[in-house]
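Read the structure below first, then the notes.
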Amino acid sequence: MPVTKPKPLRAAGKKRLEKLKPVLDELADKIEQPSYIDSDPIQFMYRYQDRTNRLIAGFFAALMAWGRRDIVINKVDDLFSRMGESPADFILHFSDSDGDLFSDFKHRTFKPEDIYWLITLLKQMLRRYGDPEEFWKHCYELSLRLNRELISVFHEQFLNLEPSVPARLRKHLADSEKNSSCKRLYLYLRWTIRQNSQVDTGLMNFMPASELMIPLDVHVARYSRRLGLLTRKQNDWKAVCELTEVLRKLNPDDPARYDYALFGVGVMEHSLPSELIVNKDA
């Protein structure tokens, strides 16, 4: 029997987007509240007063934001409990013998050696650039000069900080040029770049929020397809570009704010009017 090809997903038209915008704006406003912080890994950015500690805490929390949020929070809490009161000081004074502190640490595919090398790379970054934002700024300016996507440049530059870093670490640091969705690194940038938010910290300003890409997790992708915001069926970099471009039509200055609305529909059980659903079987 001939194989029946699945029907292509439909895209929301201009009029439907006009109806959808106020609904998503209202939902984003409901979710982007201080009460959200305690249930999300971003809470670790609020644990510390020192700016560098906050940026490092966010980096680890975002990289480990993989799976159920309660498990992620417990694992990140465990990680920082091993570093003492100041992750930045711990990293700057990190030695090979300190690697034993993580000998039994695991989270998903993260193993003790991955934590060792992430700390080693961050140590080099802090020594050379003094501040995480200075390194990200370097990557951003280089991406503009080379006409390359930011996360690919970050991936390359960060790993190059320590030539002996093992190849296995690359899987924990996404690369958009290899068609990865780069969800966790753009989650980190959402946390640190968006200004005037009741959740996101706005600690860095090396790039405008208008250039942020949507952190595409499975929940955001699923409901974006149902709403006709996304027609690509793979959760990859091409899907991120397609969805972000549509969200920029709704809010050119801050497309990533809709991460709250789409995540909220998928995880926090907020509902949407049925007439806005374009692809019911997506």
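Output ³J(HN,Hα) for region 233-245: one whole-Hz value per residue in order, computed from phi by the Karplus curve 6.51 cos²θ - 1.76 cosθ + 1.60 with θ = phi - 60°, and x for Gly and Pro.
Going residue by residue, I get 8, 8, 8, 10, 5, 4, 5, 4, 5, 4, 5, 4, 4 Hz, with x marking Gly and Pro.
Show me 207-213, 158-164 ranked by packing, highest mean number of other Cβ atoms within 10 Å first.
Most protected by this proxy first, the peptides run 207-213, 158-164.
Tell me the Rg and the Dmax, in Å, that the Cα atoms of region 145-198 produce.
12.8, 40
Ranking request for peptides 238-249, 143-154, 26-37, 95-106: highest mean number of other beta-carbon atoms within 10 Å first, then the rest in descending order.
238-249, 143-154, 26-37, 95-106
What are the lysines whose alpha-carbon lies under 20 Å from the alpha-carbon of Lys233, with same-chain residues fewer than 8 places away excluded?
In chain and number order, the partners are Lys5, Lys7, Lys178, Lys183, Lys280.
Consider the candidate values (1) 19.5, 66; (2) 22.4, 71; (3) 17.7, 55; state which one is Rg and Dmax of the Cα atoms in Å computed from the structure displayed.
Of the listed options (1) 19.5, 66; (2) 22.4, 71; (3) 17.7, 55, (1) comes from this structure.
Calculate one ³J(HN,Hα) per residue across region 150-157 by plugging θ = phi - 60° into the Karplus curve 6.51 cos²θ - 1.76 cosθ + 1.60, and present them in order as whole Hz with x for glycine and proline.
Rounded to whole hertz, the list is 4, 5, 5, 5, 4, 3, 5, 5.
Show me, for region 31-36, the HN-Hα J-couplings you get by feeding each phi into the Karplus relation (A = 6.51, B = -1.76, C = 1.60, θ = phi - 60°), rounded to Hz, glycine and proline as x.
Those phi angles translate into 8, 6, 10, x, 5, 5 Hz.
Which of the lysines could a cross-linker span from Lys249 if the Cα-Cα distance has to be under 20 Å and same-chain partners fewer than 8 positions apart are dropped?
Partners within reach: Lys14, Lys15, Lys19, Lys21, Lys238.
Please give the peptides 196-204, 176-184, 222-230 ranked by average Cβ packing (other Cβ atoms within 10 Å per residue), highest first, as a rough proxy for protection.
Highest-to-lowest ranking by the protection proxy: 222-230, 176-184, 196-204.
Could you tell me the center-to-center distance, by alpha carbons, between region 123-191 and region 45-77 in angstrom?
18
Using 0.36 nm times the number of residues separating Asp77 and Glu141, minus their current alpha carbon distance, what extension gain do you get?
Full-extension gain reported as 19.7 nm.
No lab work stands behind these numbers, since they all come straight from the coordinates. None of these values were measured; they are calculated from a predicted model. Cβ coordinates were reconstructed from backbone atoms using ideal geometry, including for glycine residues, and neighbour counts include every protein chain displayed.
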